[in-house]
């Protein structure tokens, strides 16, 4: 079973906000002739890299709930312009909706075992048509 990561998506109010931001960044890279890939920079390099790269995803917490995931393609150690070591998490720019799972705020990222990860929501799922506010309430009640 793959190991996943979970991270707060600071600044996004919805999955659509995150998708729009990623689309804009990829378009800018394409326009500027840079490699067209989605990179999220984080401070710490995961020590369990081989487990993550065996099919792991980054689960995004938006407004207090895990709502979506993206497959992780690579974890690249880098040194920034100030000489500080960082990690580039290279993500597939595909957004897979998940069941909402409440999460309290935390800093950085956390490992997420496959058994604890929320399930994917398919297009034919009853819950896929629920408005976000209703999903949030049901998740807070533990009903999702």
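Just so you know, all these numbers are worked out from the coordinates, no wet-lab data involved. Predicted model only: the values in this text are computed from it and were never measured. Methodologically, a virtual Cβ is constructed for each residue, glycine included, from the backbone with ideal geometry; neighbour enumeration extends over all protein chains shown.
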Practice problem: Tell me, yes or no, whether the stretch 18-37 has at least one residue that is in contact with a strand residue (DSSP E or B) (Cβ under 6 Å, 6 or more places away or on another chain), touching a residue at least 60 places away in the same chain (Cβ under 8 Å) and within 20 Å of residue 110 (Cβ to Cβ). | Solution: no
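Would you check which residues across the stretch 1-22 are in a helix (DSSP H, G or I) and surrounded by fewer than 16 Cβ atoms within 10 Å (Cβ to Cβ) and list them?
First, the residues of the stretch 1-22 that are in a helix (DSSP H, G or I): 15-22.
Result: 16, 17, 19, 20, 21.
Please verify whether residue 63 is in contact (Cβ under 8 Å) with a residue 24 or more places away in the chain and out of contact with any strand residue (DSSP E or B) (no Cβ under 8 Å at 6 or more places or on another chain), treating the condition exactly as stated. Before you say what the answer is, go through the steps one by one.
Numbers: in contact (Cβ under 8 Å) with a residue 24 or more places away in the chain: yes; out of contact with any strand residue (DSSP E or B) (no Cβ under 8 Å at 6 or more places or on another chain): yes.
So residue 63 passes the test.
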Quiz item: Any idea how many residues of the stretch 12-51 are within 17 Å of the chain's Cα centre (by Cα) and under 24 Å from residue 84 (Cα atoms)?
Solution: 12
